[in-house]
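Trainee: The structure follows.
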Amino acid sequence: MFNPDNNQLKELISDNSNNEVLRIRADEVRRKYYGNRVFVRGLIEISNICKNDCYYCGIRKSNRNISRYRLTEEEIYSCCETGYNLGFRTFVLQGGEDLYFSDIVLCRIVNNIKNKYPDCAVTLSMGERSYESYKNLKSAGADRYLLRHETADNTHYSKLHPAGMSLENRKKCLYNLKSLGYQTGTGFMVGSPYQTVENIISDLRFMQEIQPEMIGIGVFIPHHDTPFRDYPHGSAELNIKLISIIRLMFPKALIPATTALGTVSPDGRERGIQAGCNVVMPNLSPLMFRKSYELYDNKICTGEESAQCIECLRKRVESVGYELDMSRGDYPDV
Ligand code: SAH
């Protein structure tokens with residue numbers, strides 16, 4: 001078991017001489033549990049309406065320059081149908097914290113998807129909700145929940161979010177999700193403004209506490225209509241190295257090669273996969289809304305139909321010697 005102390009972590013993060021050794025070891029561990037398989041999750045961006053005002057995020061409440069949309073239930077089901085016909089067996093519904101999606105509405109949607117596609121997993125990524133709400137959604141059939149903690153350091157958290165949002169609540173949500181039996185995903189941005197090596201170590205320690213089934217990390221990329229417009233994007237190299245470290249610390253985790261990594265580096269996702277990632281998340285959202293779900297500038301995969309998206313990813317995955325696995329891809333111990 002790879003359980004580095006803080007000094008070792010600090011050295012691994014700050015020094016690049018061991019990157020390739022880490023990558024090779026991470027790839028070995030990933031192959032031990034998953035072979036060369038890369039799981040597929042169909043991402044449906046159901047709304048860019050958000051009550052929150054996170055300083056880094058392009059769909060924050062204060063951004064008056066984007067056109068807001070919310071998919072109708074019919075549009076959501078139609079995305080699932082397209083995905084199902086393409087072989088997808090996991091649907092991820094993600095969105096801003098849009099109050100329209102009450103428990104009644106969201107439970108009905110989850111329930112309808114699960115009834116129509118009982119062989120599929122439904123993952124939600126709809127932000128912070130109450131214990132009761134997570135419980136209702138679980139009863140409606142939701143299998144998994146993605147909620148990145150963003151940073152596990154209080155001071156850093158308050159530099160990324162306005163007053164009124166708290167790390168404490170974010171953490172509480174994650175503990176609630178775990179206790180309700182969700183396969184739970186967490187994670188953070190790499191290179192977000194003010195992030196220090198110590199912050200990253202806290203992130204890894206927090207994840208050791210939570211023991212998430214899924215871990216998403218992706219580089220921070222500035223969005224031109226946010227307070228962080230002038231900050232540089234995070235480093236692809238650091239993102240990739242952290243993927244290897246995380247793979248070694250969480251051998252069975254489901255770790256996506258993120259769109260953000262593919263945005264800052266043309267072969268970022270391929271390199272992520274070679275460094276330990278075992279998930280890709282092609283976009284299933286209707287083409288006409290893709291550009292409006294712009295969390296950061298220059299987001300890739302906004303111009304292709306879902307079928308093209310999956311074929312493009314298939315080629316990328318195969319180009320580095322791995323293969324797409326279209327099954328549900330649950331965490332091995334579930
Ligand atoms: N409202 C949901 C979904 C948020 S969007 C929630 O709160 O979980 C999904 C993820 O995109 C966020 O968790 C954040 O880590 C990432 N993200 C947002 N803005 C970003 C940016 N400018 N650069 C990179 N990633 C960003």
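Trainee: Measure up Lys159/Lys252; Lys61/Lys299; Lys135/Lys171; Lys138/Lys178; Lys51/Lys159; Lys135/Lys172 against 21 Å on the Cα-Cα distance and list the ones that go over.
Mentor: From Lys159/Lys252; Lys61/Lys299; Lys135/Lys171; Lys138/Lys178; Lys51/Lys159; Lys135/Lys172, over 21 Å: Lys159/Lys252.
Trainee: Given the Cα-Cα distance of Arg205 and Ser67 and 0.36 nm per residue of separation, how much length would full extension add, in nm?
Mentor: Taking 0.36 nm per residue and subtracting the Cα distance, the gain is 45.8 nm.
Trainee: As an exercise, take the mean of 1/r over every pair of distinct alpha carbons in the chain, invert it, and state the Kirkwood radius in angstroms.
Mentor: Hydrodynamic radius (Kirkwood, Cα pairs) of the chain is 19.9 Å.
Trainee: At a Förster distance of 25 Å, what's the computed FRET efficiency of Lys172 paired with Tyr331, Cβ-Cβ distance as r, to 0.05?
Mentor: The pair Lys172/Tyr331 has a calculated efficiency of 0.70.
Trainee: In terms of the Cα gyration tensor, with a ≥ b ≥ c the square roots of its eigenvalues, is region 1-93 rounded because a/c is under 1.5, prolate because a/b exceeds b/c, or oblate?
Mentor: Oblate, because a/c is 1.5 or more while a/b does not exceed b/c.
Trainee: Okay, moving on. Pop out the carbon and sulfur fraction of the accessible area of region 69-115 as a percent, whole number, probe 1.4 Å.
Mentor: Ligands and nucleic acids excluded, carbon and sulfur give 50 percent.
Trainee: Pairs of alpha-carbon atoms within less than 8 angstrom and 6+ residues apart define the contacts here; what relative contact order does the chain have, in percent?
Mentor: After rounding, I find 25 percent.
Trainee: For Glu318 and Ala163 in one chain, what is 0.36 nm times their gap in residues minus the Cα-Cα distance, to one decimal in nm?
Mentor: The span from Glu318 to Ala163 would gain 51.3 nm if fully extended.
Trainee: What is the ratio of the Cα radius of gyration of region 42-201 to 2.2 N^0.38 Å, with N the residue count, to two decimals?
Mentor: The reported ratio for this selection is 1.07.
Trainee: Using just the C-alpha positions of region 47-87 as equal point scatterers, what log10 of I(q)/I(0) does the Debye formula give at each q in 0.17, 0.21, 0.22, 0.24 1/Å?
Mentor: -0.59, -0.70, -0.72, -0.75
Trainee: Right, next: Kindly identify region 119-219 as rounded, prolate or oblate by the Cα gyration tensor criterion: order the square roots of the eigenvalues as a ≥ b ≥ c, call it rounded if a/c is under 1.5, otherwise compare a/b with b/c, prolate if a/b is larger, else oblate.
Mentor: prolate
Trainee: At 1.002 mPa s and 20 °C, plugging the Kirkwood radius over alpha-carbon pairs of region 174-291 into Stokes-Einstein gives what diffusion coefficient in µm²/s?
Mentor: The estimated diffusion coefficient comes to 142 µm²/s.
Trainee: I want to make sure I understand the PRE zone here: with the label point 7 angstrom from the Cα of Glu20 toward its beta carbon, which residues in region 238-264 have backbone N atoms less than 18 Å away?
Mentor: Output list for this probe position: 238, 240-242, 244-245.
Trainee: Probe of 1.4 angstrom, ligands and nucleic acids ignored: what's the accessible area per residue over the chain, in square angstrom?
Mentor: 40 Å²
Trainee: Summarise the accessible area of region 266-334 (1.4 Å probe, protein heavy atoms) by the percent that is carbon and sulfur.
Mentor: 51 percent
Trainee: Could you give log10 I(q)/I(0) at q = 0.21, 0.30 Å⁻¹ for region 77-132, computed by the Debye formula over C-alpha point scatterers of equal weight, without solvent?
Mentor: -0.82, -1.33
Trainee: In whole percent, what relative contact order does region 142-195 give with Cα contacts below 8 Å and a gap of six or more residues?
Mentor: 56 percent
The values are calculated or read from the model by the stated rules, or taken from the named source; none is laboratory data. Predicted model only: the values in this text are computed from it and were never measured. So basically every Cβ, Gly included, is an ideal-geometry build from the backbone, and we count neighbours across all protein chains shown. For accessibility, only protein heavy atoms count, side chains too; no ligands or nucleic acids. Shrake-Rupley method; radii C 1.70, N 1.55, O 1.52, S 1.80 Å.
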